[in-house]
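Computed from the coordinates by the stated procedures, all read-outs in this text should not be read as laboratory data. None of these values were measured; they are calculated from a predicted model. Cβ atoms come from the backbone with ideal geometry, glycine included; neighbour counts cover every protein chain shown.
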Amino acid sequence: MKQLKLVIIEDDSIVRELIVEALNKPRFFGEGFNIHAEGYEKMPPLGKIKDAFLYILDKNIPFGKDGLKIAEELKDNGELGARIMMTGDSNPETRLEDQMQAINYNLINKWIEKPIVPSRLKKLFLELRKERKFIQKVNVGIIGLGRFGKGLLTKLKDLPEVKDVNIFSNFAKENYSGILTLVGVLNQEKIKPHTSLESLVSAKPDILFLTTGQHLRKYTTREVLFSGALEKTTPIFRILREMNYSGLVCNVVNPVGPILQAAEFYGFDPQRLTGFSPDTLRAKAEILKNIRKLSNKSFEDDIHLDVIGEHGKEIPLFGACLVNGKSLYKKYPYFRRLKRELIGSLRKAGLNTIKYAQEYGTDYEDAPNSLIDFVKDISHLQRNPSSCWYCYLENGVVGESKSAYLQWPVNVDYPDLRVYRNDRFELKNLRKTELQEISRQITHQNQIVGGLRHGK
């Protein structure tokens, strides 16, 4: 993200400048969030204020369009940013009538009375962020259009939070018509095919998905899988570094953690590297499906399941299953039982990765769905995403004297899109056996990449 754009339209220059000055102060909205506020005395040409994540509008503008008319125009032109209305109307009946009209037509998200108090504005901001009303459209890139890449493209093309999807595949060469016809996006303006990786990187996507990897069925060990994947990803990492790509790299190439370590080895900032394991994502989807089946409740969209770690010889699933931020395991005992049963069955399946992939399907349908949640979390500017992402774990996080990349609760800074572990996550919530398993994973991951670090 180049910047987070916030627009204020207020005819009183003193009020406007005070608001702009307050909002542009570092950390006004909290840690890890910096914005660029622009002020106007009246509605400018729409092109100047497009794609803002928040519009603060004056209700009564003596010349030109008033706040409600501006909000209506923004909505009619597909602008997704949240809208706060400022009003100095002292007549409660008139104010209530305006608010009811705005609510009925979905024009305004929040109201604030003048004079504007910064602390009240900050409170509204935090409410809107929690309610996921902020939307900063993102540009996305996909490298590799195999089964996984095509599945992801199919999902992204219909996502309103995505502005453009830049794609590149060595196999497509200069003719993408076959692939685009297959996924139903042949004439869609949002899709931007590129004839070279350099061309895609020049488009400066905010998020770059790396999906080009090896077929699991060709490999029997993670070491061999890593060697094959590294052969394909190393040229990509070198080009990205040569062109000073500064967005967020999201890797889904197996083995995910070691490939992220390789990217760091080639000069990437660890906080700009993240990823997801397709197999773990499918396991997460399987657990959520069973939780929803057992719960008999209509809170599907409010369930968040943290999956910590990656699969190796086993598939550890260390979860904190939450509904509206509250633990299910404490309130509903059968969820704890369900978790034990699923972990047991998935670990047995994980003894053979290929068998696991075949058992749960090789079309990766559930993995792209989880990555859509990842894109939405970023577009909605979530500080603490709804699920774990791969992130850099420095030495000593779980008693190991080695760094690694594992799925973990994270924090995200905006607009820099830096990802780092959430140090508020309490390791005491994990059992001793789970901590031992994470330690084993860190050791194993470093063994895999050891040859790379020693120049072998």
Item to check | Of 59/376; 137/157; 69/114; 75/137; 122/376; 69/130, those spanning more than 21 Å from alpha-carbon to alpha-carbon | outcome: 59/376; 122/376; 69/130
Checklist outcome for this item: With a Förster distance of 30 angstrom and the Cβ-Cβ distance between residue 424 and residue 223, calculated FRET efficiency to the nearest 0.05 equals 0.30
Item to check | FRET efficiency, 1/(1 + (r/R0)^6) with R0 51 Å, evaluated for residue 154 and residue 114 via beta carbons | outcome: 0.60
Checklist entry - Per 10 Å bin from zero, what fraction in whole % of the C-alpha pairs of segment 5-130 is there, up to the bin with the longest pair? => result 13, 48, 34, 5, 0
Item to check | Cα-based equivalent ellipsoid of segment 135-176: semi-axis lengths in Å, sorted from largest, via gyration tensor | outcome: 21, 11, 7
Next on the checklist: List the trypsin sites (Lys or Arg not before Pro) within segment 1-93 that DSSP assigns to loop and that have no more than 13 neighbouring Cβ atoms inside 10 Å.
Outcome noted: 2, 27
Next on the checklist: Given a Förster distance of 22 Å, report the FRET efficiency between residue 203 and residue 21 from their Cβ-Cβ distance, rounded to the nearest 0.05.
Outcome noted: 0.05
Checklist outcome for this item: Checking segment 369-430 for trypsin sites (Lys or Arg not before Pro) in a loop per DSSP with at most 12 other beta-carbon atoms within 10 Å yields 424
Item to check | Spin-label model distance (nm) - residue 246 vs residue 132, 7 Å beyond Cα toward Cβ | outcome: 3.0 nm
Next on the checklist: Which GluC sites (Glu not before Pro) in segment 131-174 sit in a loop by DSSP (not H, G, I, E or B) and have at most 12 other Cβ atoms within 10 Å of their own Cβ?
Outcome noted: 131, 174
Next on the checklist: Please give the Cα centre distance for segment 14-65 versus segment 382-410, rounded to the nearest Å.
Outcome noted: 36 Å
Checklist entry - Regarding segment 138-275, what are the three Cα extents along the principal axes, ordered largest first, in Å? => result 41, 33, 25
Checklist entry - What is the gain in length, in nm to one decimal, between residue 439 and residue 42 on full extension, counting 0.36 nm per residue of separation less the C-alpha to C-alpha distance? => result 137.1 nm
